[in-house]
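The next block holds one structure in the form of structure tokens; read it before the comments.
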Amino acid sequence: MKRTTTLLLLCTLLAFNGSAQQVIQRDPMISAMLAEVSPDSLRSHIDKLVSFGTRHTMSTVSDPKRGIGAARKWVLSRFNEFAKQSGGRMTATIDTWMLQPDGRRVDQQQEIGNVMATLKGTDPNDDRIFMVSGHIDSRVSNVSNRESDAPGANDDGSGTAAVIELARVMSKYSFPATIIFVTVSGEEQGLLGANHLAERAVNEKWNLEALLNNDIMGSNHSPDTRLIDNTKIRIFSEGLSGFETDKRAAGVRQYGAENDGKARTLARYVKEVGERYVDNLEVRLIYRNDRYLRSGDHTPFVNRDFAAVRITEMNENFNNQHQDLRTEKGVEYGDYAKNMDFEYLRKNTCLNLASLANLAKAPAMPQNVTLEARNLTNTTSLFWQTPKAGKVKGYYVLMRETHMPFWQKKFFTDKNGLTLPYSKDNYFFAVQAVGEEGHESLPVLPRPSMR
Ligand SMILES: [Zn+2]
């Protein structure tokens, strides 16, 4: 009887991947949240952000209608409104500090602030934090121009609107782990807000398991290649960890771990969970930290050993980024909302939501995951300990061939170890904890155990 009920509750779909058949199970609560994400709502957030004229980091903070100060106060007011529907679990604040002139992109003393909403987890024993970000600041051609209109509808109104929409929808639901929704500032002046936040996470010893950074993800076309497509989204991830790479180099070289850093592992997870929940969206993993000549707010986190990735549209339109508003030879330049695709932005926002919700509902990662490497064998034995937080139904051991980009097989066990008839020399393995309702933690790569 219980089994029948469970089957009825789960929306079960069959997906065919070549000849392989895979059962896709969706959590009805996550599906219900996804249904609430609205293109019209996203559009209204962006129209409001654009209405502040410019959101340049060095623009006025005292004008009630124009500039970065008014924009961040408005985001705070939205967060505070959503907090009312959270039963006291959501709190919002602007984390402000003073920038000192640096002779480069900061030419005067200026108050800067990250606007944050924290949806506290319901499990007092679970200190995990998952974070989603976009940057609220905008710019035109000259990075120091604080006066001209800089609508920043897509860069990064798209990421900021996604963060606001996620807070709006998710604040009504509860999760065992904590979710932080943040719009950072100073991205265009050198990732200043993200650096400040990453430093805070280290100093305050946050158990930050993942950051999804959204920057430029609401436009579907590039004029130079004439591509129009709203079915693909890119996730940029570094393969190695940017943290203490030199100290880890020997093990990375010996075992071929250059493609399994924390960011890359997170990117694979977001692809799997995102495509499970969001129809007509293909997640393309880009195996590099960021694009040529560009940087993003995930990087200060990657550099401090956190799992962090960048989510960016497939075909960027550079005529609409960092441009003075003008028409030249019949081409209009400028980052306007009219150039965006709000159905595409909806899907990309849903990709974030599905990933965050699945992570925050899952148990914590298994602890002390080891691969037995004492003896020469053609089998593989893995061991681990129960996660610190969350109820565990069992574990997936993930497996792929060493040249394959994605996990190919998963084995379920309710024990704290598994021996498989596959050689550890020929495959990569990882272990994820599985909760009672099937939500998976991030995978943990084993370390070799010689004892
Ligand atoms: Zn940007």
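Would you mind stating whether Asn203 is away from the ligand (no atom under 12 Å from the Cβ) and out of contact with any Ser or Thr (no Cβ under 6 Å at 6 or more places or on another chain)?
Yes.
Of the residues that sit in the range 148-189 and are among the hydrophobic types (A, V, I, L, M, F, W, C) and within 12 Å of the ligand (Cβ to nearest atom), which one is nearest to Arg43 (Cα to Cα)?
Ala153
Return the residues of the range 281-291 that are in a loop (DSSP other than H, G, I, E, B), charged (D, E, K, R) and open to solvent by 60 Å² or more (accessible area, probe 1.4 Å); say none if nothing qualifies.
Selection gives Arg288 alone.
Might you check whether a residue that is modelled with pLDDT of 95 or more, part of a helix (DSSP H, G or I), open to solvent by 30 Å² or more (accessible area, probe 1.4 Å) and more than 15 Å from the ligand (Cβ to nearest atom) occurs anywhere in the range 316-338?
Yes: the range 316-338 contains one or more residues that are modelled with pLDDT of 95 or more, part of a helix (DSSP H, G or I), open to solvent by 30 Å² or more (accessible area, probe 1.4 Å) and more than 15 Å from the ligand (Cβ to nearest atom).
Can you name the residue in the range 235-259 that is surrounded by fewer than 21 Cβ atoms within 10 Å (Cβ to Cβ) and touching an Asp or Glu at 6+ places or on another chain (Cβ under 9 Å) and is also farthest from Gly159 (Cα to Cα) among such residues?
Top of the filtered list is Val252.
Filter the range 265-291 down to residues that are away from the ligand (no atom under 16 Å from the Cβ), charged (D, E, K, R) and closer than 11 Å to Ile235 by Cα, then give me how many there are.
The qualifying residues number 5.
In the range 292-306, which residue that is farther than 17 Å from Arg139 by Cα and open to solvent by 10 Å² or more (accessible area, probe 1.4 Å) is farthest from the ligand (Cβ to nearest atom)?
Going through the qualifying residues, I end up with Asp305.
I'd like to check something: does the range 53-65 contain any residue that is among the basic types (Lys, Arg), under 30 Å from Glu440 (Cα atoms) and either at pLDDT 90 or above or in contact with a helix residue (DSSP H, G or I) (Cβ under 6 Å, 6 or more places away or on another chain) (or both)? First the steps, then the outcome.
Step one: filter the range 53-65 for residues among the basic types (Lys, Arg), giving 55, 65.
Remaining after also requiring under 30 Å from Glu440 (Cα atoms): none.
Looking for residues that are among the basic types (Lys, Arg), under 30 Å from Glu440 (Cα atoms) and either at pLDDT 90 or above or in contact with a helix residue (DSSP H, G or I) (Cβ under 6 Å, 6 or more places away or on another chain) (or both), one finds none in the range 53-65, hence no.
Among (1) modelled with pLDDT under 95; (2) under 30 Å from Arg284 (Cα atoms), where does His403 come up short?
(1)
Within the range 114-133, can you find the residues that are touching a Pro at 6+ places or on another chain (Cβ under 9 Å) and within 16 Å of the ligand (Cβ to nearest atom)?
none
Does at least one position in the range 236-256 carry a residue that is within 16 Å of the ligand (Cβ to nearest atom) and within 22 Å of Asn348 (Cβ to Cβ)?
yes
Of everything in the range 260-280 that's in contact with a strand residue (DSSP E or B) (Cβ under 8 Å, 6 or more places away or on another chain) and more than 18 Å from Asn214 (Cα to Cα), which residue is surrounded by the fewest Cβ atoms within 10 Å (Cβ to Cβ)?
Arg276
Going by the conditions given, is Leu192 touching a Leu at 6+ places or on another chain (Cβ under 8 Å), more than 12 Å from the ligand (Cβ to nearest atom) and closer than 16 Å to Asp102 by Cβ? First the steps, then the outcome.
Numbers: touching a Leu at 6+ places or on another chain (Cβ under 8 Å): yes; more than 12 Å from the ligand (Cβ to nearest atom): yes; closer than 16 Å to Asp102 by Cβ: yes.
Here the answer is yes, as Leu192 does meet what is asked.
Could you count how many residues in the range 88-110 are open to solvent by 70 Å² or more (accessible area, probe 1.4 Å), in contact (Cβ under 8 Å) with a residue 24 or more places away in the chain and not polar (S, T, N, Q)?
Qualifying residue count, the range 88-110: 3.
Specify the residue that is farthest from Pro300 (Cα to Cα); the eligible residues are those in the range 134-147 that are more than 11 Å from the ligand (Cβ to nearest atom) and out of contact with any Lys or Arg (no Cβ under 8 Å at 6 or more places or on another chain).
Out of the qualifying residues, it is Glu147.
List the pairs whose first member sits in the range 63-84 and is closer than 17 Å to Gly186 by Cβ, whose second member is among the charged types (D, E, K, R) and surrounded by 19 or more Cβ atoms within 10 Å (Cβ to Cβ), and whose Cβ atoms are under 8 Å apart, counting only residues at least 6 apart or on separate chains?
If the second residue must be among the charged types (D, E, K, R) and surrounded by 19 or more Cβ atoms within 10 Å (Cβ to Cβ), the pairs left are Gly67/Arg55; Ile68/Arg55; Ile68/Asp137; Ala71/Arg55.
Do we find that Ser219 is within 16 Å of the ligand (Cβ to nearest atom), assigned to a loop (DSSP other than H, G, I, E, B), hydroxyl-bearing (Ser, Thr, Tyr) and over 28 Å from Gly435 (Cβ atoms) in this structure?
The answer is yes for Ser219.
When the range 354-379 is examined, which residues are found to be open to solvent by less than 10 Å² (accessible area, probe 1.4 Å) and either in contact with a helix residue (DSSP H, G or I) (Cβ under 6 Å, 6 or more places away or on another chain) or without any contact (Cβ under 8 Å) to a residue 60 or more places away in the chain (or both)?
Ala354, Ser355, Ala357, Asn358
If only one of Thr349, Thr312 is out of contact with any Leu (no Cβ under 8 Å at 6 or more places or on another chain) and within 22 Å of Asn220 (Cα to Cα), which one is it?
Thr312
The values are calculated or read from the model by the stated rules, or taken from the named source; none is laboratory data. On a predicted model such as this, the values are computed, not experimentally measured, just so you know. In this analysis, Cβ positions are derived from the backbone assuming ideal geometry, glycine residues included, and neighbour counts consider all displayed protein chains. In case anyone asks, the SASA skips ligands and DNA or RNA and just uses the protein heavy atoms, side chains included. Shrake-Rupley method; radii C 1.70, N 1.55, O 1.52, S 1.80 Å.
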